[in-house]
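Below is one structure, written out as structure tokens; comments come after it.
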Amino acid sequence: MSAAQPAICQREIVVLGAGQDAGAPQIGNADDTGPRLLPSSLGVIDRENGQRFLFDATPAISDQMAMMDRIDPPKAGLGIDGVFLTHAHIGHYFGLAYFGREAAGADRVPVFAMYRMAKFLRENAPWSQLVTLDNIALTEMEAGGFTVVSDEFGVLPITVPHRDEFSETVGFLIMTPDKRALYIPDLDSWDDFAEAGGGMLSDLIGGVDYAFIDATFWDDNELKKPDGTGRDMSDIPHPRVSATMDLLADLPASERAKVQFIHYNHTNPIRDPDSTESKEVEARGFNVARRGDRVCLAQ
Ligand SMILES: [Zn+2]
Ligand SMILES: [Zn+2]
């Protein structure tokens, strides 16, 4: 007997983009012929409840929602039951503009944001118009406060250290009855996170089934040019993929396999699935998230 056909997954995550805010090729890089990247975003489809959610609203939201629509067509209108925003950097919230008058003219799309992020949207044009015209309906989340969306879906924001000019920055714990996922696309460092009371990355991974975490840069040499010139990276934050793998090297294989590196810069060699660095990630038991990846959150 062959194995039973897998049932349709009741709840799943779709990787809608895995690049850094500016995607790739990045502006001003006309000769970049590498793989195209859209900014990091996750879609969650809950078929049991007929709901769909977005994690981050990127400048590529039209393409990203089209991908989700092809997998699970909207029931009515845009069919978005919640957008969860990590912070006010371009790759993570600019897409909200497409809910406005010039594009979808949406009707009260629920947007979940932390206090400063919500205030920023309410008080600054053009975002404030989305609020006054009721294109979006803002709900404020609290650090450590669990947002219950349905009996089968909840989200816990986790504050992370980052360049917080306009908003605080959070990652999210995505909670469902069977499985949990972590989404932390952007932070300064795991040491700073631990010092601020966030705990150890290995413990965070221990509490989830999938961990989508910051992979902005590969290592400290990445912005150097072959002739030795280029940008000094010592003062540029973000954990390096190579260092994060070292940090987690002693974890059992089952723990390492939960890691899905996401939010990689256009200069990061893991952008190319065939690169030596992508193969190294795989050989060390970790994963690189790719646009179109799908993981099932139901048993
Ligand atoms: Zn970012
Ligand atoms: Zn950022």
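The values are calculated or read from the model by the stated rules, or taken from the named source; none is laboratory data. Every value quoted in this text rests on a predicted model; they were computed, and no experiment measured them. Here Cβ is always computed from backbone atoms with ideal geometry, including for glycine, and neighbour counts include all displayed protein chains. Side chains included, ligands, DNA and RNA excluded: accessible areas come from the protein's heavy atoms. Shrake-Rupley method; radii C 1.70, N 1.55, O 1.52, S 1.80 Å.
With N as its number of residues, the chain has a Cα radius of gyration that, divided by 2.2 N^0.38 Å, comes to 0.98. Taken as Cα centroids, region 32-103 and region 243-268 sit 25 Å apart, rounded to the nearest whole angstrom. Surface composition of the chain: carbon and sulfur make up 50 percent of the accessible area, probe 1.4 Å. Which cross-chain or sequence-distant (5 or more) residues have an amide H under 5 Å from the amide H of THR139, H modelled 1.01 Å from N in plane? Residues meeting the criterion, in which the H sits 1.01 Å from N, are VAL111, PHE112, ALA113.
When the dipole is taken about the Cα centre of the chain, and only Lys, Arg (+1) and Asp, Glu (-1) are charged at their Cβ, what size is it in debye, to the nearest 20?
For this selection, approximately 820 debye.
Summing +1 for each Lys or Arg and -1 for each Asp or Glu among the other residues whose beta-carbon sits under 11 angstrom from that of PHE99 gives -1. Averaged per residue, the chain has 46 square angstrom of accessible surface, using a 1.4 angstrom probe with ligands and nucleic acids left out.
Based on the convex hull around the alpha carbon atoms, region 148-197 presents an average projected area of 4.1 nm².
Shown in residue order for region 195-212 are the 3J(HN,Hα) couplings computed by the Karplus curve 6.51 cos²θ - 1.76 cosθ + 1.60 at θ = phi - 60°: 4, 7, x, x, x, 8, 4, 4, 5, 4, 5, x, x, 10, 9, 9, 10, 8 Hz (x for Gly and Pro). In the chain, the calculated helix contribution to ellipticity at 222 nm averages -5000 deg cm²/dmol per residue, counting -39,500 (n - 2.57) for every DSSP H run with n ≥ 4. When the convex hull of its Cα atoms is viewed from all sides, region 3-81 shows a mean projected area of 6.9 nm². Counting only lysines at least 8 places from LYS225 when in the same chain, those with an alpha carbon closer than 28 Å to its own are LYS279. With a cut-off of 12 Å between beta carbons, the residues surrounding TYR183 carry a summed charge of -2, where Lys and Arg count +1 and Asp and Glu -1. The ellipsoid equivalent to the alpha-carbon distribution of region 38-178 has semi-axes of 21, 19, 14 angstrom, derived from the gyration tensor eigenvalues as √(5λ) and listed largest first. Remark: relative contact order (the chain) = 18 percent; criterion is Cα-Cα distance under 8 angstrom and separation of 6 or more residues.
Restricting region 133-227 to trypsin sites (Lys or Arg not before Pro) that sit in a DSSP loop and have at most 13 other Cβ atoms within 10 Å of their own Cβ leaves ARG163.
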